[in-house]
Amino acid sequence: MDAKTPAAPAAVEHRKRGGTGAEGLPPLLRRFPTIADLRKRARRRVPRFAFDFVDGGCGENEVRDSNRVAFDAIKLVARYGLGAGAVSTEIELFGRHYAAPIGIAPMGMGGLLWPKAERHLATAAQAMKVPYVLSTPASASIEEIAKIAPDVFWFQLYGSPGNDNAITFDLVRRAKEAGAHTLVVTIDTPVRAKRPQDWRNNLSVPFKPNLRTVIDVATSPLWALEMLRQGVPCPENFRAYAGT
Ligand SMILES: Cc1cc2nc3c(=O)[nH]c(=O)nc-3n(C[C@H](O)[C@H](O)[C@H](O)COP(=O)(O)O)c2cc1C
């Protein structure tokens with residue numbers, strides 16, 4: 001394997017070697033073989049307001065649910081016995097080479113779900129050579145992620161609060177100077193989305209705890225401990241403009 005080719009995901013390697021059971025699998029993959037397993041674990045480990053932030057959609061989740069139905073309707077049909085030879089998922093995207101035509105989508109305030117989530121995701125994307133798209137309101141800064149994922153760093157841009165174009169252009173400048181390879185402009189959020197589960201959970205920035213959220217945190221001790229150790233996440237890209 002050359003330096004440009006990332007290791008195949010452990011599950012693929014395992015099946016290539018003819019493994020039929022859990023023998024030889026990395027422990028994490030054995031514990032969480034599917035996304036559903038990870039979701040169940042997250043539901044137990046993080047407070048309700050953080051879980052709902054990621055799991056919930058807008059309105060009554062109509063779009064989230066219909067996306068899921070559409071996704072499930074996609075069938076990958078294998079064509080056996082054709083002697084396909086070596087198969088490659090590698091791809092050129094916007095003038096750069098990646099290991100696969102998929103990447104990690106931008107997510108605001110990832111640190112709410114788990115401290116330093118963006119750093120972990122960027123590290124994984126760099127190792128796997130797939131794009132990592134840092135969100136404008138991420139809880140890690142452009143400059144930090146550019147260092148962690150220099151080969152795969154993309155930046156997602158929202159208009160800034162109050163349509164302050166000076167901040168918007170400065171974010172673009174910072175992304176360019178830090179070495180972002182692609183700018184992803186999101187235009188489908190002209191107004192703040194209606195997310196009822198966040199309203200019910202009293203989720204706000206800055207965070208204002210009430211009795212329910214305090215109980216929620218108290219019953220998620222691992223999450224609470226990690227937050228205490230690492231500090232409460234904030235939208236790091238805007239830190240430079242506080243007070244401007
Ligand atoms: C919790 C959460 C936060 C998100 N934050 C952003 C964001 O900051 N910027 C953005 O462009 N898209 C954001 N998105 C949209 C995702 O990047 C993605 O486009 C969307 O979730 C659809 O992909 P999916 O079907 O794989 O979830 C967010 C989505 C979720 C669930």
Requested in this report: On a 0 to 90° scale, report how tilted helix 221-230 is relative to the longest principal axis of the chain, with both axes built from alpha carbons and the result rounded to the nearest 10.
Outcome: 70
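Report, in deg cm²/dmol and to the nearest 500, the calculated mean residue ellipticity at 222 nm for the chain, where each DSSP H run with n ≥ 4 adds -39500 (n - 2.57) and the sum is divided by the residue count.
Details: 11 runs with 98 residues, N = 244.
Mean residue ellipticity, 222 nm, calculated: -11500 deg cm²/dmol.
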Report summary line: Excluding residues fewer than 8 positions from LYS116 in its own chain, the lysines with Cα under 17 Å of it are LYS147
Report summary line: Any residue on another chain or 5+ positions along whose placed amide H is under 5 Å from the amide H of VAL184 is listed here as PHE155, GLN156, LEU157
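I need to check one value: relative contact order of the chain, counting alpha carbon pairs closer than 8 Å and at least 6 residues apart, in percent. Could you put the intermediate results ahead of the total?
Details: 286 pairs, mean separation 52.3, N = 244.
For the chain, the relative contact order is 21 percent.
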Query raised in the report: If you plug each phi of region 116-126 into the Karplus form 6.51 cos²θ - 1.76 cosθ + 1.60 with θ = phi - 60°, what whole-Hz ³J(HN,Hα) values come out, in order, with x for Gly and Pro?
Result: 6, 3, 4, 5, 4, 5, 5, 4, 5, 5, 4
Query raised in the report: If you put +1 on each Lys and Arg Cβ and -1 on each Asp and Glu Cβ, how big is the dipole of the chain around its Cα centre, in Debye rounded to 20?
Result: 720
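So how much slack lies between ALA166 and GLU60, counting 0.36 nm per residue of separation and subtracting their Cα-Cα distance, in nm? If you can, show how the numbers build up before the last one.
Details: separation 106, 0.36 × 106 = 38.16 nm, distance 3.57 nm.
The ALA166-GLU60 span can extend by a further 34.6 nm.
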Query raised in the report: What is the helix-to-structure angle for 62-72, meaning the angle in degrees between its Cα long axis and the longest Cα principal axis of the chain, kept from 0 to 90 and rounded to the nearest 10?
Result: 10
Query raised in the report: Once the Cα atoms of helix 165-178 and of the chain are each reduced to a long axis, what angle between those two axes, in degrees from 0 to 90 to the nearest 10, is obtained?
Result: 40
**Report entry** Per-pair calculated FRET efficiency, R0 = 30 Å: VAL191 and ALA11 via Cβ, rounded to 0.05
**Finding:** 0.15
Query - Whole-number D in µm²/s for the chain (Stokes-Einstein; Kirkwood sum over Cα pairs; 10 °C, 1.306 mPa s) - result: 77
Query raised in the report: Taking θ as phi - 60°, what are the ³J(HN,Hα) couplings along region 96-113 by the Karplus curve (6.51, -1.76, 1.60), each to the nearest whole Hz, with x for Gly and Pro?
Result: 10, 9, 10, 7, 7, x, 9, x, 9, 6, x, 9, x, 6, x, x, 5, 6
Requested in this report: For region 46-241, give the share of DSSP beta bridges that are antiparallel, in percent and rounded to the nearest 5; count only bridges with both residues there.
Outcome: 25
Requested in this report: State which entries of LYS16/LYS129; LYS129/LYS194; LYS16/LYS75; LYS40/LYS129 exceed 24 angstrom in Cα-Cα distance in the structure shown.
Outcome: LYS129/LYS194; LYS40/LYS129
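Tell me whether region 100-175 comes out rounded, prolate or oblate; compute the Cα gyration tensor, take square roots of the eigenvalues as a ≥ b ≥ c, and use a/c under 1.5 as the rounded threshold.
Values: a/c = 2.05, a/b = 1.56, b/c = 1.31.
The shape class here is prolate.
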Query raised in the report: For region 127-244, with only Lys/Arg (+1) and Asp/Glu (-1) charged at the beta-carbon, what is the dipole magnitude about the Cα centre, in debye rounded to 20?
Result: 280
**Report entry** Most mobile of GLY24, GLY57, GLY110 in a GNM of the chain (Cα contacts under 10 Å)
**Finding:** GLY24
Report summary line: Straight-line reach check, LYS208, cutoff 17 Å on alpha carbons, 8 or more apart in-chain or any other chain, hits among aspartates and glutamates -> ASP52, ASP198, ASP216
Query raised in the report: In vacuo Debye scattering of region 7-138, one point per C-alpha: log10 I(q)/I(0) at q = 0.18 Å⁻¹?
Result: -1.47
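We did not get these values from a lab; they are worked out from the coordinates using the rules stated. Note that this is a predicted model, so its numbers are computed, not measured. Backbone-built Cβ (ideal geometry, glycine too); neighbour counts: all protein chains shown.
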